[in-house]
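Below: one structure, written as structure tokens.
Every read-out reported here was derived from the displayed coordinates using simple, explicitly stated rules and does not represent laboratory data. Remember, it's a predicted structure, so these values are computed and weren't measured experimentally. Here the Cβ positions follow ideal geometry from the backbone for every residue, glycine too, while neighbour counts run over all protein chains shown.
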Amino acid sequence: MKAAIKRVGTRLSDKTIQFFFDGRVYQAQVGDTAASALLAQGVNALGRSIKYRRLRGLLAVGPEEPNALLTVGLSPMVIPNVSAPQLQLREGLVLKSQNRWPSLRWDVASLLQLGGGFFGAGFYYKTFMWPSWRTYEPLIRRLAGLGEAPGASDATAVSVEYLRCDVLVAGGGAAGLTAALVAAQSGARVLLVEREPVIGGELEFESAVIDGQPAATWVATTQKTLESLGVRTLTDTTLVGGSEGVYIAHREPGGLAGHNGVFRIRSGGLVIAMGAIERPIAFVDNDIPGVMLLGAAERLSRRYGALTGRRPVIFANHQRAYAAAARLVKAGVAVQAVIDTRPATVLEQDATTVRHYASLKASGVLCLSQSVVVAAKGRRAVTGVVIKHLVSGQAKRLPCDLLLTSGGWSPAMHAGLQGGGVRHYAADSGAFTAAQQPTGRVTVGASSGCFELASLLTEAARIAAALVSDLGFKLDSPRPPMGLGDPAPQLMPYWRSPCTQALEKRQFIDFQNDVTVADLRASLAEGFIDIEHVKRYTTLGVGTDQGRTSNVLAAAILAEFKGESIESVGLSRPRPPYHPMTMRAMAGWRVGAALRISKRTPLHDWHVAHGGVLDPMGLWMRPRFYLSNGVDAATAAVAEARRVRTTGGMVDGSTLGKIEVVGAEAGLFLDSMYLTKASTIKVGRSKYMVNLREDGMVLDDGIVLRLAPDRFIATTSSGHAEHMLSHFEHYRDVDWAGRAVTLTDVTDAWSVIAVAGPCSRSVIQKVLGSDWHARVAALTHMDFARGEFAGAPLTVLRASFSGELAYELHIGPSAALALWEALSAQGLEPYGIDALDILRVEKGYLVSSELNGETTPDDLNMGSLVQLGNPCVGRALLNRPAFSESTRARLVGVRALDGRSSFLAGAQLTDPSSTRPLGYITSSVFSPTLNEWIGLALVARAQAIEEATLVARDPLRGQETLIRVTATVHVDPSGERIKS
Amino acid sequence: MSESLLLERALGMRPAAVRLVEVAAFNVPRDDVESLGLPSRPGAVSREDGGSCTLYFAPGRWLLVAPSPVSETRVLAASEWGSWVDVTGKWVAMALQGEAAEWMLASTVDLETTLRNRDCAAVTLFDCPSILVREAQGFVVWVRASVADAWVSAVERLGVNGPRTV
């Protein structure tokens, strides 16, 4: 470990910490980022590129950084692709470089570029074609990819917060602060989000004076003013997308996912003040570690005192290069040269630059105009540059250990572009700016292509004032801050230095995806001409940086190749999120068990405590079987079902959907919802009823109870409860609006305990006591009685889903457990839904396997219900001729021909002499009553004849069974038990 | 769970002693609502002595929280314009108090919009059907009984990290 010298920077404290990078210990100061600490200690290679595995250093210091992506943490709990210049170091943080094996210095895959040269775009798909791409895919996929995906997670929820404001200001630089100030002064509620941990933006290093104060003082004063005006400021927070008044911001303190948060912000207005992104210039080997953006070097120097080289050369096309060079010289950096693409006359246009120029000359800095860097030299780090005069063509070599480039700035407004809006290209600043924006959205500062402080402040104030006025806030004569900063850039667009076509494959555009000038040329040659196609063909602008540094540069070079204007080439459309978010951040609190809520019945804890094996059924958790009855589902369910038929049992049916339908027209309403009439049910009686969909298919079935002349409870199957309620509500609101019927969901207001079996009546009589004895005895099939048990309302309904003598006890949830335990104390054992399934298949009763949305009443042998002629929903379409064709399925019972073999639901049914499917098995169970496999099936009507022989073919599960067609009711076809 | 957060499953009355009634109207004569003993402003909450209250929680929907069952006369009187349905046990009350309460709710709903000009509203909180009620101190949330455990575990999960001050 090197003993680092204490550095001084605006973000540094004196306290030192240690961290690990690629297995070695390094020192840092509190406030350091991974990039600043490593660069300060001479580590200038921070990763390798994804395709060519070229060694890469730092290019930028924001989320636009394409190269320096690190993996944080130890496998499997890793966070990949964390941007090193944004990653705030903490004690003991473990970092790893990416895209290299075995080490950053020696990478095997990088040898690929020595052998066959560079693979252009489309190389893999064109080369690995024989016998098929799939042959090579696994190997290539292993080499590909950005970082290591986490293999585990601590599953803590990410905080999500809904916020609301009148004006959302994205970006806390000079323009954003001014806009926030103006908006807040008008009385609007303002929310300010800033990507960095501190506000100020460029003012952090620009030599500026605002309202007579040094920039830093103005920022501090403004922050206080904003606070006093009630402006909420969220730092470390980036606007990542949104539109039409709802925006998403992502907070990532320290640049590290895992402690992040998401804000959903509803705002009347949006001010985009997200600055501009400096872009590189394309020249040969412009990706060697040590080639860095000028602004990045300035930030590193100012914030962290991290000087990344002693003898830099600056290469730029604007005035700012001289101001920056002067600042670096002042900070003690031996700037070697400023290479300017523009003629010397441009320099003389402002006095400040003339002054900087003179002082640089006096310090011995070589200042060359109309000159460009054509190539960087060096293997693992920059050792020099080749310079060429644009007019004379003279070339010479200059030694240096750092090359700072700046090709201008691309306004950052992507996050605001998702709600529509048009960009246009401003040739004088080499920038795409917003041309038309939807109402309520404005762009200020560098985001709007305004790069000079004085005019930027005035414009930001004017634009913000207009916005709040549009939003209905009154503002008395806003006074914009008066400022003076770096001179206007006087930029002359310059995109790439001249080189031979062969060397274009080393002029990098998109560093993260290794897209070069050669790839852009190839893309056009292959016919991928539109910018969106170029993006897909070359991968230009994809990845964590979303092409922030490369998109405009690529558009300019494509324009050169196509002979078109940059405006007509355009940019690809940005898509959210603007800045990478973890999937967990998108999930918010919906992680782990909260991913999907589950519903519990009032008896849930009892089931768990008594060996119930619970399974999700829809959202409900229901016991499939009880471990006391067998070690696995099959054994236990058979034992449970057998016991119901011989003595009795009880099942938790609380999940049953229940809708209370009330009103003078309730009966008529239900008539229109069901195949048969509810209005004819007598009070105290119930009826099995079937609903249709609008197209005539069976939707659901259930029992309807009539409590009073104007009061019914309609029960639905458990899985259909919500759907049935909304189905009813739709017709109530559309066809029955204003008529005397109301619907109330009472599913959770009633627990249901179904007691079935020969002993059911006597057990219930014992449990409910003498008051109920005669009433229970008097109940005939489908009768019910109402009263109380343990202070809760109770309805005893004689109805059966098992074919046995059975009662449904509808009980208020507060007494459900007491009733269940009282029944249990009488020796009644619980059964699960697997046993329930056996019992209902034995009786030919239907569930969703048969009510699958493809069956009509006729298919299910319920044609007799239809003949009663009730004009209900779906009734008209039942008359379609196709519904009575011989190929339509009909429900039948099935059993193995040999009385022993098994068959499973899903098996296809064919004629023994053919493989043409005639239908399929919908349900199959082993019947303990009959001691053989039985089932239900949908079979073409021509074959749906009792005693017909078919084959159940199940190739996936390797089964083929001869079966015979039977009646649907396998047990007790005469219904003696149910009536007993 | 954050100490500043108080989460209860009851309202001072024992859950078993609370009778819940949902009133649903198919046709509400505007002037008559108050004479029916119901608050007439959507989102209003009327409170009576003894812990009873009535929530106008959704269009044409009221929830009556009372210690005793609704009288037969009231039920009969309703038949002209709607219905009284006993839903005791359908909803479970949770009290959310303390400085974290608003933050917790804001993580699942736009609180300001939901309770704009209202004191109660039917709303989905943490994927659970709920009725949110603003109280003098904090909130009461009526959650559907079958998802009450899911609701509590979602709140507890957030409570592990505590509110973030930003």
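Of note:
- Alpha-carbon Rg/Rh ratio, for the range A:500-578, with Rh computed the Kirkwood way: 0.94
- Scoring A:890-898, A:594-602 by mean Cβ neighbours within 10 Å over their residues and listing the highest first yields A:890-898, A:594-602.
- Number of partner chain Cβ atoms within 10 Å, mean per residue of B:109-117: 3
- Modelled FRET efficiency - R0 25 Å, residue A:775 with residue A:821, Cβ distances, 0.05 increments: 0.70
- Summary of packing: across the peptides A:76-87, A:11-22, A:188-199, A:914-925, the per-residue average of other C-beta atoms within 10 Å ranks them, highest first, as A:188-199, A:76-87, A:914-925, A:11-22.
- Exercise: per-residue mean of other protein chain Cβ atoms within 10 Å, B:82-95: 6
- Across peptide A:233-239, the average count of Cβ atoms from other chains found within 10 Å of a residue's Cβ is 1.
- Once the Cα gyration tensor of the range A:657-749 is diagonalised, semi-axes √(5λ) in Å: 17, 15, 14
- Local electrostatic count at residue A:949 - Lys and Arg +1, Asp and Glu -1, tallied over other residues with Cβ under 12 Å: -2
- Whole-Å semi-axes of the ellipsoid equivalent to the range A:771-895 (Cα gyration tensor, √5λ, descending): 37, 19, 13
- Degrees between helix A:551-562 axis and first principal axis of chain A (Cα, 0 to 90, nearest 10): 80
- DSSP beta bridges confined to the range A:280-407 are antiparallel in about 40 percent of cases.
- Entries of A:361/A:388; A:766/A:979; A:505/A:535; A:377/A:562 with Cα pairs more than 22 Å apart: A:377/A:562
- Computed [θ] at 222 nm, deg cm²/dmol, chain A (DSSP H ≥ 4; -39,500 (n - 2.57); rounded to nearest 500): -7000 deg cm²/dmol
- A crude spin-label estimate for the pair residue A:209 and residue A:726, with each label 7 Å from Cα along the Cβ direction, gives 6.6 nm.
- Our estimate of slack between residue A:786 and residue A:128, defined as 0.36 nm per intervening residue step minus the Cα-Cα distance, is 229.3 nm.
- In this simple spin-label approximation, residue A:109 and residue A:949 carry label points 7 Å from Cα along the Cα→Cβ vector, and these lie 6.2 nm apart.
- Candidate cross-link partners of residue A:96 among the aspartates and glutamates, defined by an alpha-carbon separation under 16 Å and a same-chain spacing of 8 or more, comprise A:22, A:107, A:148.
- Within chain A: Cβ-based charge dipole about Cα centre, in debye rounded to nearest 20 (Lys, Arg +1; Asp, Glu -1): 2660
- Value of relative contact order over the range A:171-327, rounded to a whole percent, pairs C-alpha under 8 Å and six or more apart: 20
- In this simple spin-label approximation, residue A:391 and residue A:560 carry label points 7 Å from Cα along the Cα→Cβ vector, and these lie 2.1 nm apart.
- In range of the label at residue A:848: residues from the range A:601-636 whose backbone nitrogen is under 16 Å from the point 7 Å along Cα→Cβ: A:615-624
- Take every Cα pair under 8 Å whose residues are at least 6 apart in sequence, average their separation, divide by the length of chain A, and the relative contact order is 9 percent.
- Rg followed by Dmax, in Å, when the protein assembly as shown is reduced to its Cα trace: 37.4, 116
- Each peptide in A:621-632, A:265-276 receives the mean, over its residues, of other Cβ atoms within 10 Å, and ordering these scores from highest gives A:265-276, A:621-632.
- Scattering curve values for the range A:885-979, log₁₀ I(q)/I(0), Debye with Cα scatterers, q = 0.16, 0.20 Å⁻¹: -0.59, -0.89
- Dimensionless Rg/Rh of the range A:1-148 - Kirkwood Rh, Rg from C-alpha atoms: 1.05
- Restricting the calculation to Cα atoms, the range A:280-407 shows an Rg/Rh of 0.94 when the hydrodynamic-style radius is the Kirkwood one.
- Dividing the mean sequence gap of close Cα pairs (under 8 Å, 6+ apart) by how many residues the range A:778-884 holds gives a relative contact order of 16 percent.
- Multiplying the residue separation of residue A:139 and residue A:350 by 0.36 nm and subtracting their alpha-carbon distance yields 70.1 nm.
- If R0 is taken as 30 Å, the Cβ-Cβ distance between residue A:762 and residue A:593 corresponds to a FRET efficiency of 0.10.
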